[in-house]
Amino acid sequence: KAPDDITIQFGKTKLVFLNHHLCHAASAVFASPFKESDILSIDGRGEVETTFLGYSKKNKITQKLSIAYPHSVGLFYGSVTDFLGFKPDSDEWKVMALSSYSKKKNQYDKKFNKVVKITKDSFELDLTYFQYYLFDAKPNFYSKKFIKLFGPPRTKESKITKRHSEISGAMQRTFEKIVYHLLKITKKNGGKSGNIVLVGGAAMNCVFNGHLEKKKIYKNVYIPPWPDDAGVSVGGALYMYYKVSKKQAKQTHLRHSFYGPGYKKNEIEKLLLKYKVNFIKPTNLYDYVANKISQKKLVGWFQGKMEFGQRALGHRSILADPRSKKTKDIVNFAVKYREGFRPFAPSVLEEEAHKIFQMKKGLKIEYMEKIAYVKKSWTSKIPAVTHVDKSARIQTVSNQINPEFYNLIKSFYQITKVPVLLNTSFNLNGEPIVCTVEDAIKTFYSCGLDILVVENCVIEK
């Protein structure tokens, strides 16, 4: 087990180096609604650990077990990502999207059983199939033995075949089998709360997260909006706050991820005038923009403070009409320039979600952290956000937390009887999500977006 922290001091300056997985754990524990919970943190690796199992009680985090590098569920996923011609530690979600094209077991499920061994209190990888632990000494995460078992690797940009989707499907099922096993071990060694916080880069696997509820291992599951390594900054700050707080600080359930830069409305107008950008200010912004979306216009939507984390949640989003199958191709062709097999997400009014998706009434999925399946009666109504297996990585939108985005979807609902918008991040492929007004204007004029909405100002081409 790695130490929780290492402190170095010179003069009045104190530096505290915190354990990677401890920060992951803190980023979920201290943002969650739970007073007590078990903890599972899974990713590629921290310092020496790849997995952290423990629990929290009275603002104290206790580690019970860990798994040491190089046995890593994250790097297992990364190795197959590399094998399938994508960039490891970056494109894992592409492989996750591809896995939905192969839902039934196939010959590769048995082959992965040779690669992964489930043990009583852990799991092990047969390291002869991998070479990610050799760092820059080898060009790939996988070895020649892996190629011998699974066949030739896909080269970047080459055609994706049925074989590739079968390998990704079998790998996703193997990944889920490992993580279910780890959750059972966590429960056996944890508290009695019935709550779990799931965190670490591998907790961004929204397909697994969506399947978890059916397994009924835990009653309540919390995944923060920053499960990946970006979240360790939040976790480090929260951990030290609770550790050094002289009074027993009261834990706060963080209800949103809008902690980035924002602008005042008069600042926006000054900037648009400075750059000589023509704009209008409609009397009813939401009705005006919702009408445009219903007419198949693509909209860049820039509101309030930027989201922290990997997902655009209605503050820096590109929005489109989900009712046409062609919308997906239009967004890809005009803006995103990405692989056609990758789905787009639906953002839905939270009180309507259970009518459209197979989920409990009142369930909140606020950070696109898990999939839900589209009900049969709705698949033909929202084809642009329905994946090949009828799943969707949904965001439930609350009037209390995200009023501007909620009001826009509500207006679209009143016009179309569909309380859903296609929502994807406001960026071009390979670029970061727009942060500033300047970023938004630049991106708007360098792609096929029709309309840019910056706060209450509307810019049209």
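The distance from the alpha carbon centre of segment 286-318 to that of segment 345-383 is 18 Å, rounded to a whole number. Remark: segment 182-195, residue by residue, has Karplus-estimated 3J(HN,Hα) of 5, 5, 5, 5, 4, 5, 5, 9, x, x, 10, 6, x, 10 Hz, where x stands for each Gly or Pro and the curve is 6.51 cos²θ - 1.76 cosθ + 1.60 at θ = phi - 60°. With the helix formula -39500 (n - 2.57) applied to DSSP H stretches of n ≥ 4, the chain reaches a computed 222 nm mean residue ellipticity of -10000 deg cm²/dmol.
Net charge near S143: determine it from the other residues with C-beta under 15 Å of the C-beta of S143, scoring Lys and Arg +1 and Asp and Glu -1.
Working: positive: K111, K114, K138, K144, K145, K148; negative: D82, D126.
Combined, the nearby Lys, Arg, Asp and Glu give +4.
Remark: segment 437-447, residue by residue, has Karplus-estimated 3J(HN,Hα) of 4, 4, 4, 5, 5, 4, 5, 4, 7, 10, 8 Hz, where x stands for each Gly or Pro and the curve is 6.51 cos²θ - 1.76 cosθ + 1.60 at θ = phi - 60°.
What dipole magnitude, in Debye to the nearest 20, does the chain give about its Cα centre under +1 on Lys/Arg Cβ and -1 on Asp/Glu Cβ? Walk me through the intermediate numbers first.
Numbers: 76 positive and 42 negative charges, 292 e Å.
Approximately 1400 debye in magnitude.
Taking amide hydrogens as placed 1.01 Å from N in the peptide plane, the amide H of L298 sits under 5 Å from those of D450, I451, each at least 5 positions away in sequence or on another chain. Here K105 is the anchor, and the aspartates and glutamates within straight C-alpha reach of less than 14 Å, apart from those fewer than 8 places off in the same chain, are E166, E176. Semi-axes of the equivalent ellipsoid of the chain are 36, 28, 22 Å, computed as sqrt(5λ) over the eigenvalues of the C-alpha gyration tensor in descending order. From the alpha carbon centroid of segment 131-159 to that of segment 180-252 is 32 Å. For segment 1-84, GluC sites (Glu not before Pro) meeting the loop criterion (DSSP other than H, G, I, E, B) and having at most 13 other Cβ atoms within 10 Å: E47. Pairs exceeding 30 Å between alpha-carbon atoms, taken from K296/K364; K57/K94; K94/K325; K184/K364; K12/K57: K57/K94; K12/K57. Take the alpha carbon atoms of segment 89-121, find their center, do the same for segment 407-439, and report the distance between the two centers in whole angstrom. So the separation of the two Cα centres works out to 32 Å.
How much area per residue is accessible in segment 6-122 when the probe is 1.4 Å and only protein heavy atoms are counted (Å²)? Display every interim value, and only then the final one.
On the way: 5210 Å² over 117 residues.
On a per-residue basis, 45 Å².
The residues of segment 328-373 expose on average 41 square angstrom of accessible surface per residue, using a 1.4 Å probe on protein heavy atoms. Protein heavy-atom surface of segment 1-105, 1.4 angstrom probe: 55% of the accessible area is carbon and sulfur, with nucleic acids and ligands not counted.
The values are calculated or read from the model by the stated rules, or taken from the named source; none is laboratory data. Since this is a predicted model, take the numbers as computed values, not measurements. Using ideal geometry, Cβ is built from the backbone for each residue, glycine included, and neighbour counts are taken over all protein chains shown. The accessibility values were calculated without ligands, DNA or RNA, using every heavy atom of the protein model including side chains. Shrake-Rupley method; radii C 1.70, N 1.55, O 1.52, S 1.80 Å.
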